[in-house]
Amino acid sequence: MWRRIFRSRRPKPRAGRAPPAVTTPARTTATRPVLPLVAIRDRFHRFVLGVADSHASEPGAAELATLRQLELLGSHFDMHSLPRLPTVLPQLLRALRNDNTGGGELARLIGRDPLMVGEIMRVTGSVHYRAAQPITSLQQAVVLLGQDGLRRVLTQHVMKPILQAHAGAFGHAAGERLWHHAERCAHACAWLGRHNHSDAFEAYLAGIVCHAGDGAVIRLLDRTGLADDVEPPSPGFLAGCAALAAQLSLQVAQHWELPRRVIDALAERQLPPTPTASPLGNALAVADLLAMAQLLAEHERLAEDPDLSQGWPEVFAPNLVARCQQDLRRNFSGA
């Protein structure tokens, strides 16, 4: 579908003008190259959509008209068309915020949702969690996972199908890539959140849902009926789509009644991190870029693995960001 909407052929070079050369930054033995953050965002969106690079910089008339149409469709987006969250999830989230909640109480709540039960039993039966004795009850599985493991399993169980389904049947690859980013973003956000006093679970949840609106924009874009001969989208057009997706992600979080600090962080994500922003907002904004860079590096969409440690010195020390990047590579490079 995306090859049809954004034909991946490159435009022919004009007579007497050589096409722009793709240059690879020189690498020294001491440092890794620094790629502009805006370029990382643009490459990430092209990777998700499976579209080629563009020689244009600003959106043309047709793209501006499409953006206006997308904004109109987005303003009438029906939140009730989203997959429903399990009715027991809000109670579970509240219970998981209390360290004194016992395994029996958690098992009783989870037992009200058969799909959650199946997912937890599947995970605890995997090689990673396999215990010396077989797990024969839900309460045993809950105790084996622990509260942190349970939070993550439940979050993934709820969000993964939503991110993948939103992109539609023609956007299966986009849904997979959005989920892979969500995993890395949640991991990085929780890692950074531990160092700026954010709640660990809220940080993980914010990272998981921060691109929940992207799939909806993909579906809206399909409805615009762009002509077959449209060239790859300009960076300005993709930036406009990303801004709309961020707004929809915020509306999705509000519709699902996620924790207030998560909603505030999503509202701040599109802004540069500053000392006056919330700790979770800063952690999410940085984690979003780190996850994009990590995913692009894994798929060899970057000439080099970029060093982003100097990107936000006013909110995160460079050595802290470098350690977070190292942790992402350690946990996901072999994914």
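The values are calculated or read from the model by the stated rules, or taken from the named source; none is laboratory data. These numbers were taken from a predicted model, which means no experiment stands behind them. Heads up, the Cβs are rebuilt from the backbone with ideal geometry, glycines too, and the neighbour counts pull from every protein chain shown. Surface areas here come from the heavy atoms of the whole protein model, side chains and all, with no ligands, DNA or RNA. Shrake-Rupley method; radii C 1.70, N 1.55, O 1.52, S 1.80 Å.
Observations, loosely collected:
- Accessible-area ranking of Glu304, Glu202, Glu257, largest first, probe 1.4 Å: Glu257, Glu304, Glu202
- Under 9 Å, Cβ to Cβ, from Trp191 - net charge with Lys/Arg +1 and Asp/Glu -1: +1
- Cβ-based net charge around Glu176, under 14 Å, with every Lys or Arg adding one and every Asp or Glu removing one: 0
- Three-way shape call for the range 263-318 based on the alpha-carbon gyration tensor, with the a/c threshold at 1.5: oblate
- Highest-first arrangement of 51-59, 235-243, 36-44, where packing means the average Cβ count within 10 Å: 235-243, 36-44, 51-59
- Square roots of five times the Cα gyration tensor eigenvalues for the range 186-335, Å: 26, 21, 13
- The loop-placed trypsin sites (Lys or Arg not before Pro) in the range 216-314, going by DSSP, that have at most 16 neighbouring Cβ atoms within 10 Å of their Cβ come out as Arg301.
- Extending 7 Å from Cα along the Cβ direction at Arg112 and again at Gln133 yields two label points whose distance is 3.0 nm.
- Sorting the segments 317-327, 286-296, 176-186 by their mean number of nearby beta carbons within 10 angstrom, highest to lowest, gives 286-296, 176-186, 317-327.
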